[in-house]
Amino acid sequence: MTNTKIAVIGGSGIYDIDGLEGAQWTTVETPWGAPSDAILTGTLDGVEMAFLPRHGRGHVHSPTTVPYRANIDALKRLGCTDVISVSACGSFREEMGPGDFVIVDQFIDRTCAREKSFFGTGCVAHVSIAHPTCPRLSDACETATKTAGVTVHRGGTYLAMEGPQFSTLAESKMYRTAWGADVIGMTNMPEAKLAREAELCYASVAMITDYDSWHPDHGEVDVPEIIRTLQGNAANARALVAQLPNLLGASRADCPNGCDRALEYAIMTQPDARDPALLAKLDAVAGRVL
């Protein structure tokens, strides 16, 4: 058994956690640069918590410039075991309306301007992301969302686009009909991939703000309307987070889905061919297997 430490990565409109005991903003240095912001740490109902505002306080990072590697490394370096992503998304499904939450279980990665791995020349690794989210952690998020009184949909495919612009009408129709995506956002990739490389359990809660641009009765994305919906979603997200310590508990066994052992057989580069400089940068992420 190990101690549970829950990390919440907050998206648009989510910049802190209510009720943390001993709360303090902690600056974490990583070999991948500075994270999006300092990390708020403390305890909630006896469970250690960490909160990282993905875009930084004041929303200073665009989806492309979020330092994803530094963020995941910093959470791993702090001893986090479970990462819950909370992010604003558009919906491609009539039944998934603004204000609803979706527990994402699949991704289509259409980002193109981001570093997507901790590994590379000098230490090559291949992890499986066939199932990119942790079912155990997703169960807890679903239960917490229902307890908070929010309409929740279990399972959905998240189309990660580069942004920062929203979709064209043609793109929105293609993602919905030809590709079968359920929601669209700009930030869960490469975040989910990096969490898997860091052997962290990861769950994604998509907070729907709009119908993107495909819906004949809603037209193009309306930013003022999104902001109004975000405010309600932020309150519901805080209610969700408040349930997690009691659902996950202060201690945890090994992940039954193997998220915390994702690197077991992933590293391909032979020990004598590994780059010492890259290995030094991987101390937190891959120290267990290196």
Problem - Filter result (part of a strand (DSSP E or B) and over 20 Å from TRP179 (Cβ atoms)) within the range 104-122 - result: GLY120
Problem - Top-ranked residue in the range 15-35 [being closer than 21 Å to LEU282 by Cα and not hydroxyl-bearing (Ser, Thr, Tyr); ranked as surrounded by the most Cβ atoms within 10 Å (Cβ to Cβ)] - result: PRO35
Exercise for the section: Pairs only if they're at least six apart or on different chains, beta carbon under 6 angstrom, first in the range 76-95 and touching a residue at least 24 places away in the same chain (Cβ under 8 Å), second part of a loop (DSSP other than H, G, I, E, B) and of a type in the set (D, E, K, R); list them, first residue then second. Expected result: GLY90/ASP212; PHE92/ASP182; ARG93/ASP182
Handout entry: Boolean, TRP179 is modelled with pLDDT under 95 and hydrophobic (A, V, I, L, M, F, W, C)
Key = no
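If you check ALA50, ALA38, which single one turns out to be surrounded by 17 or more Cβ atoms within 10 Å (Cβ to Cβ), within 30 Å of ALA277 (Cβ to Cβ), among the aliphatic types (A, V, I, L, M) and more than 15 Å from the chain's Cα centre (by Cα)? Don't jump to the end; show me each part of the working.
On the way: ALA50 fails: more than 15 Å from the chain's Cα centre (by Cα).
So the residue among ALA50, ALA38 that is surrounded by 17 or more Cβ atoms within 10 Å (Cβ to Cβ), within 30 Å of ALA277 (Cβ to Cβ), among the aliphatic types (A, V, I, L, M) and more than 15 Å from the chain's Cα centre (by Cα) is ALA38.
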Problem - From the options GLY22, GLY79, GLY90, residue that is at positive phi, in a strand (DSSP E or B) and touching a strand residue (DSSP E or B) at 6+ places or on another chain (Cβ under 6 Å) - result: GLY22
Completion exercise
SER85 vs (1) in a strand (DSSP E or B); (2) closer than 17 Å to PRO190 by Cα; (3) touching a Leu at 6+ places or on another chain (Cβ under 8 Å): all pass except (3)
Exercise for the section: Taking the residues in the range 249-290 that are in contact with a Leu (Cβ under 8 Å, 6 or more places away or on another chain) and in a helix (DSSP H, G or I) as candidates, determine which candidate is farthest from CYS201 (Cα to Cα). Expected result: LEU279
Handout entry: Qualifying positions in the range 143-196 - over 20 Å from the mean Cα position of the chain (by Cα), among the β-branched types (Val, Ile, Thr) and in a helix (DSSP H, G or I)
Key = THR147, THR177
Completion exercise
For the range 2-19 the number of residues that are touching a Leu at 6+ places or on another chain (Cβ under 9 Å) and over 27 Å from ILE208 (Cβ atoms) is 2
Completion exercise
Within the range 48-63, the residues that are closer than 21 Å to GLU115 by Cβ and assigned to a loop (DSSP other than H, G, I, E, B) are ARG54, HIS55, GLY56, VAL60, HIS61, SER62, PRO63
Exercise for the section: Kindly indicate whether ASP45 is closer than 29 Å to ARG154 by Cα and buried (at least 24 other Cβ atoms within 10 Å of the Cβ). Expected result: no
Exercise for the section: Check TRP32 against each of (1) under 27 Å from ARG261 (Cβ atoms); (2) within 13 Å of the chain's Cα centre (by Cα) and name the one condition it does not meet. Expected result: (2)
Handout entry: Conditions (1) over 24 Å from ASP18 (Cβ atoms); (2) assigned to a helix (DSSP H, G or I); (3) among the polar types (S, T, N, Q): number failed by SER213
Key = (2)
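The values are calculated or read from the model by the stated rules, or taken from the named source; none is laboratory data. Predicted model, so just to flag it, every value in this text is computed and none were measured. Counting neighbours? That spans all protein chains shown, and the Cβs are built from the backbone with ideal geometry, glycine included.
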